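Trainee: Handing you a structure now.
The values are calculated or read from the model by the stated rules, or taken from the named source; none is laboratory data. Note that the structure is a prediction, hence the values are computed from the model and not measured. Here Cβ is always computed from backbone atoms with ideal geometry, including for glycine, and neighbour counts include all displayed protein chains. To get the accessible areas, we keep the full protein, side chains included, count just its heavy atoms, and leave off ligands, DNA and RNA. Shrake-Rupley method; radii C 1.70, N 1.55, O 1.52, S 1.80 Å.
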Number of protein chains: 2
Amino acid sequence: MIATGVIVEYNPFHNGHLHHIRQSRKETNADIVIAVMSGHFLQRGEPSFVDKWTRTKMALASGADLVVELPYVYATAQASDFAKGGISILDAMCCDYFSFGSEEGNITPFLNSYSLLQEQNDTLQQMIRDAIQTGISYPQALNTAYKQLIPTNELSFVDLSKPNNILGFHYIEEANKIHSNIKAVTIQRIKAGYHDAIEADSTIASATGIRQAIFEENSIDAIVSYMPLDSFKGLEEWRKSNISFGSWETFWPLLRFTIIRHTPQELANFAEVTEGIEYLLLRAARESESFVSFMQKVKSKRYTWTRIQRMLTHIFTGFTWECLKSFKQPSYIRLLGMTRNGQNYLSTKKKDFTLPIISRAASSNDAMLMQDIHATDLYMLALSGPANTKRMGLDYKTPPIRV
Amino acid sequence: MIATGVIVEYNPFHNGHLHHIRQSRKETNADIVIAVMSGHFLQRGEPSFVDKWTRTKMALASGADLVVELPYVYATAQASDFAKGGISILDAMCCDYFSFGSEEGNITPFLNSYSLLQEQNDTLQQMIRDAIQTGISYPQALNTAYKQLIPTNELSFVDLSKPNNILGFHYIEEANKIHSNIKAVTIQRIKAGYHDAIEADSTIASATGIRQAIFEENSIDAIVSYMPLDSFKGLEEWRKSNISFGSWETFWPLLRFTIIRHTPQELANFAEVTEGIEYLLLRAARESESFVSFMQKVKSKRYTWTRIQRMLTHIFTGFTWECLKSFKQPSYIRLLGMTRNGQNYLSTKKKDFTLPIISRAASSNDAMLMQDIHATDLYMLALSGPANTKRMGLDYKTPPIRV
């Protein structure tokens, strides 16, 4: 039985994801596809558009056999820790391959780049430190240093200025670091606007584009051709519940109050808050009626939009540096959903898994899991809509989805 | 120049307050009346109905010559600390008298009760401890013990089961404790429903009754006869601004989120949170869509409604035990407003004041004052209504009101 893993957000699941999952299965000849998916807060430091169970259903309907949760602490982290969480869990679940999307569609330049940077790691780190001194962000510094290191014939190496390539690079790095047997595969991404990509009348847009279209049109009808019908039905169901779609703009009154309620000293205790930015966060929160105007006041050459959003995520959920540092590696596999095929895989292979599988949240009191559950409660409280009392403690009330 | 002080909330200012302020002036033959008034959070642990500047205007229009702020730490405290804050400030402002309302209208029973309890303090404290062991609240325990101590001819003593009498008792206690020369006076309260109390067609209702009527009717028209016209105009102006009246029900979404966002360990750090009630607060917050349903789940024989509301106030403003314990006594006199007469008093007597007077918030960075300013910001954020960016930092932007 060949198992192939993907590390995903599906925010929401669209035709690009469908293409990736299908091609991954095909190219690895997989019997089973496992998706490690973020919960309610994502890698760019944002709340998810719809909840993790709705996104699990979308994934199971379109090719995933098992969906497990990437714990909050990894799902909201910078690329290297995000990769660490995802790869560790896929490795623990005995995957043969992991597959990620890239512009390249060819794994060789990734492997070349990884080898090069391994060999020249000391030089690289010094160059990054120097570049950061000039006031640029870490990802930019890494990319600048890297560009100086690669040979002139750069086609053999991957372009690390692209976020997806950075993730792919860190996946490979992590798999090597933990001496995993898991093998890397990459699938070429289909560009946005590419018509008839998967099915007739279907087309491709990014998840960001899809969310934006829905917020702008205040309707989901415009995006029907960009996703599998089951995904669309998932969004439709969500909308019918009269619960708002998740976004910082919706969450702003609570986030703003939370920032202003804290002293600068308290704000500095939250994960990712560094170098005195707490004063800027406080001032900008006082002055900003909307999230977007807040961000315009806070972002700078030094702090990318994403980095700031990650701080905000941790402030919102009350997640401290101390808490972050207490977590060393993933400690469980949280099952969100499975097909019959996925269930068979679990029955057969579970005994070989190197982490415990959690089907019922109540069966564990792992501190890392508690943070996932806490994040769900706060996410649910922040969504506007009908009475949310019954949306409290959903992690305890929701069994794994079976299709 | 005779100066008489009152310790008040004016939430909002009504005919009962008008009667009290007029009688206090008359009975003490006062040239000047000084009101020490709570800011945006009150002694029963509630947000104020309208802001402190609106309430200051009401007071100045109806007989007060000076309005100064009772700092947050005292305004939100149990009776003895509330009294400590108020009396210390009136003493620091060289008042000759302080005057409080009571059912009695006669100061002798208060003085008798105070002397009795002073003499028998050891016995009293032991009786209170014993009574608390049976599971009743502190005020109830004090009252039970006290009733056992007073002689049969109890008319010479005051009934300490009434909240206003408890306050009066603590005022006297505090004035003695600090060896102040200030003299106690009490004015008989006019009962609710008493018509033509002050002016023709006017009548008396409690501030609680007035607020309730406005929330129930969703209109202020019904309460016009219960307050001086200037007070009514103050409410009218507030309503025209489309800002909601302050109440825990309005603040509930933010308060609820704030409770649920914290761990039980964090909640226990906030002032007044004791004895494991943090677990109950968390559970009840998850289960309650409204403030009133939350309170029904939390209140008990041991925890009075008021005591719980005080905890909630401190959780809402992020005010910790550590912070509370760092404040030993009032450290400033924050001027909110004055008449010309009040201004003259300040010019003449300021040099004798034993605390610095603060007219501009920006001129001080006293930690106790910072807490008042912080409370204003959070209060303003929680009121629903038009854009509240310009309502941030109002303490810095609002000079003392002059009439």
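Trainee: Quick one: what pairs do we get from the range A:153-175, first residue outside the structural domain of A:G85 (by TED's automatic domain parsing), second modelled with pLDDT under 90 and open to solvent by 30 Å² or more (accessible area, probe 1.4 Å), C-beta under 6 Å, 6+ apart or different chains?
Mentor: Short answer, once both residue conditions are applied: A:N165/A:D159.
Trainee: Starting from residues that are within 19 Å of A:R55 (Cβ to Cβ), among the aliphatic types (A, V, I, L, M) and surrounded by 17 or more Cβ atoms within 10 Å (Cβ to Cβ), keep the ones in the range A:385-403 and report whichever is nearest to the other protein chains (Cβ to nearest Cβ).
Mentor: Per the stated criteria, the residue is A:L394.
Trainee: Mind listing just one residue for me: the one in the range A:360-384 that is open to solvent by 50 Å² or more (accessible area, probe 1.4 Å) and of a type outside the set (D, E, K, R) and, of those, farthest from the other protein chains (Cβ to nearest Cβ)?
Mentor: The initial filter retains those residues of the range A:360-384 that are open to solvent by 50 Å² or more (accessible area, probe 1.4 Å), namely A:360, A:362-363, A:365, A:367, A:370, A:384.
Subset that is of a type outside the set (D, E, K, R): A:362-363, A:365, A:367, A:370, A:384.
Values: A:A362: 15, A:S363: 20, A:N365: 13, A:A367: 11, A:M370: 9, A:S384: 9 Å.
Among those residues, the one meeting the criterion is A:S363.
Trainee: Here are some conditions: (1) more than 14 Å from every other protein chain (Cβ to nearest Cβ); (2) within 23 Å of the chain's Cα centre (by Cα). A:N242 meets all but one. Which one does it not meet?
Mentor: Against the list (1) more than 14 Å from every other protein chain (Cβ to nearest Cβ); (2) within 23 Å of the chain's Cα centre (by Cα), A:N242 comes up short only on (2).
Trainee: When you go through A:A92, A:A83, A:A75 one by one, which is the residue that is under 12 Å from A:Y171 (Cα atoms), touching a Leu at 6+ places or on another chain (Cβ under 8 Å) and aliphatic (A, V, I, L, M)?
Mentor: Numbers: A:A92 fails: under 12 Å from A:Y171 (Cα atoms); A:A75 fails: under 12 Å from A:Y171 (Cα atoms).
Going through A:A92, A:A83, A:A75 in turn, just one is under 12 Å from A:Y171 (Cα atoms), touching a Leu at 6+ places or on another chain (Cβ under 8 Å) and aliphatic (A, V, I, L, M): A:A83.
Trainee: Looking at the range A:197-220, can you tell me whether even one residue there is more than 25 Å from A:K52 (Cβ to Cβ), at pLDDT 90 or above and among the basic types (K, R)?
Mentor: No, every residue in the range A:197-220 fails to be more than 25 Å from A:K52 (Cβ to Cβ), at pLDDT 90 or above and among the basic types (K, R).
Trainee: A further question on this structure: Just one of (1) among the charged types (D, E, K, R); (2) in contact (Cβ under 8 Å) with a residue 60 or more places away in the chain; (3) within 14 Å of chain A (Cβ to nearest Cβ) trips up B:R310, so point out which.
Mentor: Going through the list (1) among the charged types (D, E, K, R); (2) in contact (Cβ under 8 Å) with a residue 60 or more places away in the chain; (3) within 14 Å of chain A (Cβ to nearest Cβ), B:R310 breaks only (3).
Trainee: Take A:Y114 and decide whether it is aromatic (F, W, Y) and within 19 Å of the chain's Cα centre (by Cα).
Mentor: Values: aromatic (F, W, Y): yes; within 19 Å of the chain's Cα centre (by Cα): no.
When the stated conditions are applied, A:Y114 does not pass them.
Trainee: Filter the helices (runs of 4 or more DSSP H) completely within the range B:327-403 down to those with at least 1 residues that are modelled with pLDDT of 95 or more and of a type in the set (V, I, T). Let's see the steps before the verdict.
Mentor: On the way: elements: B:340-349, B:367-382, B:394-397.
Filter on the range B:327-403 gives B:340-349, B:367-382.
Trainee: On the given criteria, is A:L281 within 22 Å of B:I315 (Cβ to Cβ), more than 11 Å from every other protein chain (Cβ to nearest Cβ) and assigned to a helix (DSSP H, G or I)?
Mentor: Values: within 22 Å of B:I315 (Cβ to Cβ): yes; more than 11 Å from every other protein chain (Cβ to nearest Cβ): yes; assigned to a helix (DSSP H, G or I): yes.
So A:L281 passes the test.
Trainee: Given the criteria of a type outside the set (K, R), in contact (Cβ under 8 Å) with a residue 24 or more places away in the chain and in the same structural domain as B:N341 (by TED's automatic domain parsing), does B:S363 qualify? First the steps, then the outcome.
Mentor: Numbers: of a type outside the set (K, R): yes; in contact (Cβ under 8 Å) with a residue 24 or more places away in the chain: no; in the same structural domain as B:N341 (by TED's automatic domain parsing): yes.
No, not satisfied.
Trainee: Quick one: count up the residues across the range A:245-272 that are within 14 Å of chain B (Cβ to nearest Cβ), under 21 Å from the mean Cα position of the chain (by Cα) and more than 15 Å from A:A285 (Cβ to Cβ).
Mentor: 1
Trainee: Right, here's the next one. For the range B:29-55, name all the residues that are open to solvent by 10 Å² or more (accessible area, probe 1.4 Å) and of a type in the set (D, E, K, R).
Mentor: B:D31, B:R44, B:E46, B:D51
Trainee: Can B:L66 be described as farther than 26 Å from B:F232 by Cα, out of contact with any Lys or Arg (no Cβ under 8 Å at 6 or more places or on another chain) and not charged (D, E, K, R)? Walk me through it before giving the result.
Mentor: Working: farther than 26 Å from B:F232 by Cα: no; out of contact with any Lys or Arg (no Cβ under 8 Å at 6 or more places or on another chain): yes; not charged (D, E, K, R): yes.
In short, no.
Trainee: Same structure, new question: Given the condition open to solvent by less than 30 Å² (accessible area, probe 1.4 Å), within 29 Å of B:W252 (Cα to Cα) and in contact with a strand residue (DSSP E or B) (Cβ under 6 Å, 6 or more places away or on another chain), answer yes or no: does some residue in the range A:224-243 qualify?
Mentor: no
Trainee: Are there any pairs with C-beta distances below 6 angstrom linking a residue in the range B:285-300 that is part of a helix (DSSP H, G or I) to a residue that is buried (at least 16 other Cβ atoms within 10 Å of the Cβ) and among the small types (G, A, S), with the two at least 6 apart or on different chains, and if so which?
Mentor: Within 6 Å, the pairs are B:F294/B:A284; B:F294/B:S288; B:K297/B:A284; B:V298/B:A284.
Trainee: List pairs: first residue in the range A:200-218 and assigned to a loop (DSSP other than H, G, I, E, B), second residue open to solvent by less than 30 Å² (accessible area, probe 1.4 Å) anywhere in the structure, Cβ distance under 7 angstrom, at least six positions apart or on different chains.
Mentor: Correct list of pairs: A:S202/A:N15; A:I204/A:N15; A:I204/A:G16; A:I204/A:A197; A:A205/A:H14.
Trainee: Still on this structure, I have one more. Filter the range A:176-189 down to the residues that are crowded, with 19+ Cβ neighbours inside 10 Å and outside any strand (DSSP E or B) and list them by number.
Mentor: Once the filter is applied, which keeps residues that are crowded, with 19+ Cβ neighbours inside 10 Å and outside any strand (DSSP E or B), the range A:176-189 yields A:I182, A:R189.
Trainee: Can you name every residue in the range A:290-340 that is closer than 22 Å to A:D377 by Cα, crowded, with 20+ Cβ neighbours inside 10 Å and of a type in the set (S, T, N, Q)?
Mentor: Once the filter is applied, which keeps residues that are closer than 22 Å to A:D377 by Cα, crowded, with 20+ Cβ neighbours inside 10 Å and of a type in the set (S, T, N, Q), the range A:290-340 yields A:Q309, A:T313, A:T317.
Trainee: Of all the residues that make up the range A:244-262, how many are outside any helix (DSSP H, G or I), open to solvent by less than 10 Å² (accessible area, probe 1.4 Å) and over 16 Å from A:N11 (Cα atoms)? If you could, list the steps in order and put the result at the bottom.
Mentor: Keep residues of the range A:244-262 that are outside any helix (DSSP H, G or I), which gives A:244-247, A:262.
With open to solvent by less than 10 Å² (accessible area, probe 1.4 Å) added as a condition, the list becomes A:246.
Applying the additional criterion that residues be over 16 Å from A:N11 (Cα atoms) yields none.
Result for the range A:244-262: 0.
Trainee: Further question on the same structure: Answer with yes or no whether B:Q265 is in the same structural domain as B:L282 (by TED's automatic domain parsing), part of a helix (DSSP H, G or I) and open to solvent by 30 Å² or more (accessible area, probe 1.4 Å). Step through it out loud before you land on a result.
Mentor: Details: in the same structural domain as B:L282 (by TED's automatic domain parsing): yes; part of a helix (DSSP H, G or I): yes; open to solvent by 30 Å² or more (accessible area, probe 1.4 Å): yes.
When the stated conditions are applied, B:Q265 passes them.
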